[in-house]
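First up is the structure itself, then whatever we jot down about it.
The values are calculated or read from the model by the stated rules, or taken from the named source; none is laboratory data. The structure presented is a predicted model; accordingly, all values stated were derived computationally and were not measured. Here the Cβ is made from the backbone with ideal geometry for all residues, glycine too, and neighbour counts use every protein chain on show.
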Amino acid sequence: MATTEPIAALNPTSATVVQYRGVVMLPDGKWRAYIVNRDGETFNIGKFGTATAAALAHDRVILAILGPDTSGAVLNFRAAFSDIELRFLSGRHARARPSGVVAMLRRSDDGSYDTELSRFAASAFDAYRDPDLAFDVANFRFAHGDMLHRLMEKAAITAGTNANQETRDKAKLEAEREAFVQAAKNKATDELWVERYLHRRQATDHTFEDENRWPPVVPVNDVHVDWSTGEELIYLPHGSSYVDEMIL
């Protein structure tokens with residue numbers, strides 16, 4: 001159902017505004033996510049337990065409405081989205097209109113959004129006849145070739161030395177598919193990633209793509225990050241600064 005009236009309770013001047021776009025703190029300690037159209041009308045996305053979760057919900061709704069080319073300047077975590085999640089949110093592969101995305105986000109306690117994204121990623125991995133999805137899978141394999149090879153060989157060994165070739169190949173494919181599904185998840189759900197991301201944004205004063213949008217298949221916890229190098233890829237903002245058309 002379309003939302004046409006602004007929500008006065010979400011007026012940013014009436015609550016504590018955190019560092020994230022589209023997020024306010026409520027009196028009960030929860031966090032409200034909202035978006036504003038070009039007419040200044042405010043639309044409620046939902047209430048979340050943390051500011052980060054609210055900020056991520058804000059970004060997902062904005063991307064569902066405006067698409068993957070939305071300016072990074074109006075998002076909180078542009079670098080956190082995999083190509084598959086961007087397709088899940090908008091375009092011809094999207095499973096739901098923005099209203100459906102909001103509905104899933106409001107049921108965050110039951111994991112509706114993450115479950116549907118994982119299902120979509122698994123289907124995308126198998127959709128070799130779809131050129132866009134096949135391209136995403138090819139990019140993933142290219143970016144993590146060596147690691148995937150080790151992962152698949154381990155899966156083949158786990159299948160058993162007495163297993164026939166068909167069984168071993170199936171185990172390897174399942175391991176690769178699971179890695180793809182895990183990599184499609186949003187990086188902002190990882191607290192360590194968020195901490196590093198915010199550190200870099202503070203240091204550079206830019207919205208940026210700080211790495212390939214595919215995260216590592218196997219997390220590396222002992223990597224030292226030198227924030228002073230300044231070698232991150234800069235994401236050049238483009239597109240609208242506002243939600244031009246509300247289709248909730």
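I'm checking my understanding of the structure. Among residues of the stretch 109-121 that are on the phi < 0 side of the Ramachandran plot and out of contact with any Phe, Trp or Tyr (no Cβ under 8 Å at 6 or more places or on another chain), which one is modelled with the lowest pLDDT?
Taking the stretch 109-121 first, the residues on the phi < 0 side of the Ramachandran plot are 109-110, 112-121.
Filter again for out of contact with any Phe, Trp or Tyr (no Cβ under 8 Å at 6 or more places or on another chain), leaving 109-110, 112-115, 118-119.
Details: Asp109: 75, Asp110: 79, Ser112: 88, Tyr113: 93, Asp114: 92, Thr115: 92, Ser118: 95, Arg119: 94.
Looking at residues that are on the phi < 0 side of the Ramachandran plot and out of contact with any Phe, Trp or Tyr (no Cβ under 8 Å at 6 or more places or on another chain), I get Asp109.
Report whether or not Ser90 is touching a residue at least 60 places away in the same chain (Cβ under 8 Å) and hydroxyl-bearing (Ser, Thr, Tyr).
no
For residues that are free of Cβ contacts under 8 Å to residues at least 60 places away in the same chain and more than 26 Å from Glu178 (Cβ to Cβ), tally how many sit in the stretch 93-103.
Narrowing the stretch 93-103 to residues free of Cβ contacts under 8 Å to residues at least 60 places away in the same chain: 93-96, 100-101, 103.
Among the residues that remain, those that are also more than 26 Å from Glu178 (Cβ to Cβ) are: 103.
Total satisfying the criteria: 1.
Rundown of residues vs (1) at pLDDT 95 or above; (2) small (Gly, Ala, Ser); (3) surrounded by 15 or more Cβ atoms within 10 Å (Cβ to Cβ), yes/no style:
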residue	(1), (2), (3)
Ala15	no, yes, yes
Arg21	no, no, yes
Met25	no, no, yes
Val36	no, no, yes
Gly40	no, yes, no
Gly46	no, yes, yes
Gly49	no, yes, no
Ile62	no, no, yes
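Could you say whether any residue in the stretch 86-98 is within 28 Å of Ala143 (Cα to Cα), buried (at least 18 other Cβ atoms within 10 Å of the Cβ), charged (D, E, K, R) and under 10 Å from the mean Cα position of the chain (by Cα)?
Within the stretch 86-98 (the criterion being within 28 Å of Ala143 (Cα to Cα), buried (at least 18 other Cβ atoms within 10 Å of the Cβ), charged (D, E, K, R) and under 10 Å from the mean Cα position of the chain (by Cα)), the answer is no, since none of the residues qualifies.
Take the conditions more than 17 Å from Pro98 (Cβ to Cβ), out of contact with any Pro (no Cβ under 7 Å at 6 or more places or on another chain), at pLDDT below 95 and small (Gly, Ala, Ser) and apply them to Gly67. Does it pass?
So Gly67 fails the test.
Part of a helix (DSSP H, G or I), within 23 Å of Asp83 (Cα to Cα) and touching a Gly at 6+ places or on another chain (Cβ under 9 Å): which single residue out of Asp136, Asp132 fits that description?
Result: Asp132 is the single residue among Asp136, Asp132 that is part of a helix (DSSP H, G or I), within 23 Å of Asp83 (Cα to Cα) and touching a Gly at 6+ places or on another chain (Cβ under 9 Å).
Given the criteria out of contact with any Asp or Glu (no Cβ under 8 Å at 6 or more places or on another chain) and modelled with pLDDT under 50, does Leu198 qualify?
no
Look through the stretch 137-149, keep the residues that are more than 16 Å from Lys172 (Cβ to Cβ) and in contact with a Phe, Trp or Tyr (Cβ under 9 Å, 6 or more places away or on another chain), and return whichever of them is modelled with the highest pLDDT.
Step by step, filter the stretch 137-149, then rank; the result is Asn139.
State whether the residues of the stretch 113-132 include one that is basic (Lys, Arg), surrounded by 13 or more Cβ atoms within 10 Å (Cβ to Cβ) and over 24 Å from Ala53 (Cα atoms).
Taking the stretch 113-132 as the starting set, the residues that turn out to be basic (Lys, Arg) are 119, 129.
When the remaining residues are screened for being surrounded by 13 or more Cβ atoms within 10 Å (Cβ to Cβ), the result is 119.
Those left that are additionally over 24 Å from Ala53 (Cα atoms): none.
The answer is no, given that none of the residues of the stretch 113-132 is basic (Lys, Arg), surrounded by 13 or more Cβ atoms within 10 Å (Cβ to Cβ) and over 24 Å from Ala53 (Cα atoms).
Being in a helix (DSSP H, G or I), at pLDDT below 85 and surrounded by 14 or more Cβ atoms within 10 Å (Cβ to Cβ), is that true of even one residue in the stretch 150-165?
yes
Please list, ordered by residue number, the strands (runs of 3 or more DSSP E) wholly in the stretch 12-129 having 1 or more residues that are basic (Lys, Arg) and either touching a strand residue (DSSP E or B) at 6+ places or on another chain (Cβ under 9 Å) or closer than 22 Å to Leu198 by Cα (or both). Quick ask: steps written out before the conclusion?
Values: elements: 23-25, 31-36, 42-48.
Strands (runs of 3 or more DSSP E) meeting the threshold: 31-36, 42-48.
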